[in-house]
Amino acid sequence: MKRRKFQGVLNILSFNRHFYVIGVASLTLLISLVLYFELSTYYTVILVLGFTYGLLVPLIVSAYIYDYSGFYEFRWLDQFDFKDSKNNTIININAGFDETSFIIKDKLPQSNLKVYDFYNPDRHTEPAIVRARKVSNIYPYTQRISSHSLPLKAHTVDYIFLISAIHEIRNNDERITFLKECGRVLKNEGRIIMVEHLRDLPNFLAFTVGFTHFFSSVKWRKSFKTAGFRNINEIKFTPFMSIFEVY
């Protein structure tokens, strides 16, 4: 897949336009009230800078991560010991927006790639996801599934990719059930490769209150261990994203 210039930032703006419309409208109203009532310049500057920070910094960080870091070139995948053969079964699971399946297939062309989408409009109601689904490039034969069940036999999968997807499963029990299903279908030597933003200081500085949409490293580790996994390795990709190798 050839990505457009600034596609990452354009996606953020498009999918979260409700946030930016409200933010720009609020900033405009604030400035108008300040000018009309001739309020204190000191507090005005602080408020305007705060609003501007919340609107611009997430876009700057997103441009860095998604458009300039090489994330979608998948060079970070080279650090894993993939044995790319026709006997290698890989599944890529998304939450209704898929920017990675074509890239994975291009990166590992000899593997048997299956793609699953667990999006449930009754449970996953984020406006950004609803909008993202309308422009998602659907990989051929992508199968809609429930987060409670993977349509595969036990111990048949070599690798499972979860790329910025399962934080959309907001219910803790549902998320652990999903991870248990991943464990069921993985071979004994199989791996989960998960990429996620975290609820941590760098993401707070980047996305302010938006960082609450993510989960902390501690939360992820607890979820994986509850689901039966014992080995959880975390590798940082930029200060804002973490790659987990789980088995």
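Being at pLDDT 95 or above and part of a helix (DSSP H, G or I) is a condition met by at least one residue of region 194-201.
Of the residues making up region 212-247, just one is within 16 Å of Y159 (Cα to Cα) and among the hydroxyl-bearing types (S, T, Y), namely Y247.
Look through R199, R184, R230 and report the one residue that is within 21 Å of N120 (Cβ to Cβ) and either open to solvent by 60 Å² or more (accessible area, probe 1.4 Å) or of a type in the set (D, E, K, R) (or both).
On the way: R199 fails: within 21 Å of N120 (Cβ to Cβ); R230 fails: within 21 Å of N120 (Cβ to Cβ).
Exactly one residue qualifies, and that residue is R184.
Can you work out which of the residues in region 55-97 that are open to solvent by 90 Å² or more (accessible area, probe 1.4 Å) and of a type outside the set (D, E, K, R) is farthest from L162 (Cα to Cα)? Result: L56.
Within region 4-12, is there a residue that is closer than 30 Å to P109 by Cβ, in a helix (DSSP H, G or I) and free of Cβ contacts under 8 Å to residues at least 24 places away in the same chain? Checking region 4-12: at least one residue is closer than 30 Å to P109 by Cβ, in a helix (DSSP H, G or I) and free of Cβ contacts under 8 Å to residues at least 24 places away in the same chain. Just one residue in the set F204, F244, F229 is at pLDDT 95 or above, assigned to a loop (DSSP other than H, G, I, E, B) and among the aromatic types (F, W, Y); that residue is F229. If only residues of region 18-54 that are among the β-branched types (V, I, T) and open to solvent by less than 50 Å² (accessible area, probe 1.4 Å) are counted, the one that is modelled with the highest pLDDT is T52. Of the residues contained in region 130-152, none is found to be over 14 Å from Y116 (Cα atoms) and not in a helix (DSSP H, G or I).
In region 98-129, of all residues being modelled with pLDDT under 85 and assigned to a loop (DSSP other than H, G, I, E, B), the one that is surrounded by the fewest Cβ atoms within 10 Å (Cβ to Cβ) corresponds to D122.
Restricting attention to region 164-193, the residues being assigned to a helix (DSSP H, G or I), among the aliphatic types (A, V, I, L, M) and closer than 21 Å to T100 by Cβ number 3. Take V209 and decide whether it is over 17 Å from A227 (Cα atoms) and surrounded by fewer than 18 Cβ atoms within 10 Å (Cβ to Cβ). Against the criterion (over 17 Å from A227 (Cα atoms) and surrounded by fewer than 18 Cβ atoms within 10 Å (Cβ to Cβ)), V209 qualifies.
The values are calculated or read from the model by the stated rules, or taken from the named source; none is laboratory data. Remember, predicted model here, so these are calculated numbers, not experimental data. No Cβ is skipped: glycine too gets one built from the backbone with ideal geometry, and neighbour counts run over all protein chains shown. Note: accessible area is taken over every heavy atom of the protein model, side chains too, but ligands, DNA and RNA are not part of it. Shrake-Rupley method; radii C 1.70, N 1.55, O 1.52, S 1.80 Å.
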